[in-house]
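Here the structure is laid out as structure tokens; the discussion comes afterwards.
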């Protein structure tokens, strides 16, 4: 067994409305960005931004129960998406976190945008991809 692990845990706010794709195979993919505040003494410090890729049942949960501004916790693995840019021919690399566990940590400060969060109550829910086989 290896002593090396590729695990990342983050808590932050969703940066944009989730983008969900449904494939002919039945697989579901949701992409979103996550803003995570750094520990800093500065009041106006900029957050770190992370690209998230979520597959399967968790992707459906993210699509249906998160909005821009939702507080979530994730556990996943870091992967590097690589491609050749068509116009310049340059190789490009983008770090992406493939999410395995998603926790809905509370109400969205902009919660009037969706009915399922309009009560402004703090809630916590968790889902894992251990039982999914979409990807």
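The values are calculated or read from the model by the stated rules, or taken from the named source; none is laboratory data. Since this is a predicted model, take the numbers as computed values, not measurements. For neighbour counting, all protein chains shown are included, and Cβ atoms are generated from backbone atoms with ideal geometry for every residue, glycine included.
List of remarks:
- Scanning segment 57-95 for residues that are assigned to a strand (DSSP E or B) and within 18 Å of residue 13 (Cβ to Cβ) gives 71, 72, 73, 74, 75, 76.
- Conditions (1) surrounded by fewer than 13 Cβ atoms within 10 Å (Cβ to Cβ); (2) within 10 Å of the chain's Cα centre (by Cα): number failed by residue 14: (1)
- Looking only at segment 45-56, and only at residues there that are surrounded by 12 or more Cβ atoms within 10 Å (Cβ to Cβ) and either part of a strand (DSSP E or B) or touching a helix residue (DSSP H, G or I) at 6+ places or on another chain (Cβ under 8 Å) (or both), the one that is modelled with the lowest pLDDT: 48
- Scanning segment 33-44 for residues that are over 17 Å from the mean Cα position of the chain (by Cα) and assigned to a strand (DSSP E or B) yields a total of 0.
- The residues in segment 44-86 that are free of Cβ contacts under 8 Å to residues at least 60 places away in the same chain and farther than 24 Å from residue 26 by Cα can be counted, and the count is 16.
- Candidates 30, 20, filtered to the one that is surrounded by fewer than 18 Cβ atoms within 10 Å (Cβ to Cβ), part of a strand (DSSP E or B) and touching a helix residue (DSSP H, G or I) at 6+ places or on another chain (Cβ under 7 Å): 20
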